[in-house]
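These notes are about the structure you will find just below.
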Amino acid sequence: MTKQELQQLFKSEILPENDNPYHFQEPQKASFSIEANNTMCGDKYTLYFDINEGQITSVYFYGIGCALSKASISIMCKNIEDLSAKNIMALSNKFIDGMKQNHSIEHSDKKIQMLQQLKHFDGRVDCIKLGWEAVKNHFENTEL
């Protein structure tokens, strides 16, 4: 993609997702939470999970960060609700692998495909992967 195409994708997809993110609020209660922090740029979010019988039933998030990290976490939350820990791990690993240079992975969700295209957007891969890596790291080390 050209720089102009990446900028257009940012304006048409990321900014609207940033302005109207999915479940962007602190819930009254949650089964558990995960911190997602990027100390280099200051992005800091808390992800709140509800669980029932080994399935994630809802995911909320709240915090501060750039449009890319916020939009990426919003898209991630939509995609991991109603999944088991095993499926969340698989999706997170697949997404993170797809964010490597010269490596793309097909996914049925067009928004995830779009995020993977933005890996070439001015070195902002860490912003895009922030929430995904936090979730991956949590579920690698914790059983539901």
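The values are calculated or read from the model by the stated rules, or taken from the named source; none is laboratory data. Every value quoted in this text rests on a predicted model; they were computed, and no experiment measured them. FYI the Cβ positions are ideal-geometry reconstructions off the backbone, even for glycines, and counts take in every protein chain you see. In case anyone asks, the SASA skips ligands and DNA or RNA and just uses the protein heavy atoms, side chains included. Shrake-Rupley method; radii C 1.70, N 1.55, O 1.52, S 1.80 Å.
What the table shows:
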item: Fluctuation leader among GLN113, GLN28, GLN55 - the chain, Gaussian network, Cα springs under 10 angstrom; result: GLN28
item: Using alpha carbons only: equivalent-ellipsoid semi-axes of the chain, gyration tensor based, whole Å; result: 24, 17, 13
item: Accessible area of the chain belonging to carbon and sulfur atoms, whole % at 1.4 Å probe; result: 44
item: When each of LYS78/LYS119; LYS44/LYS110; LYS29/LYS100; LYS29/LYS94; LYS3/LYS86; LYS3/LYS136 is checked by Cα-Cα distance, pairs over 28 Å; result: LYS29/LYS100; LYS29/LYS94; LYS3/LYS86; LYS3/LYS136
item: Computed FRET value (nearest 0.05) for GLN7 with THR57, which takes r as the C-beta separation and R₀ as 41 Å; result: 0.65
item: Check: region 73-144 dipole with +1 on Lys, Arg Cβ and -1 on Asp, Glu Cβ, in debye; result: 200
item: Per residue accessible area in Å² of the chain, where ligands, DNA and RNA are left out and the probe is 1.4 Å; result: 54
item: Size of charge dipole - the chain - debye, nearest 20, with Cβ of Lys, Arg +1 and Asp, Glu -1, no other charges; result: 360
item: Gaussian network model of the chain, Cα within-10 Å springs - most flexible of ILE105, ILE73, ILE128; result: ILE105
item: DSSP loop trypsin sites (Lys or Arg not before Pro) with at most 16 other Cβ within 10 Å: longest gap in the chain; result: 30-99
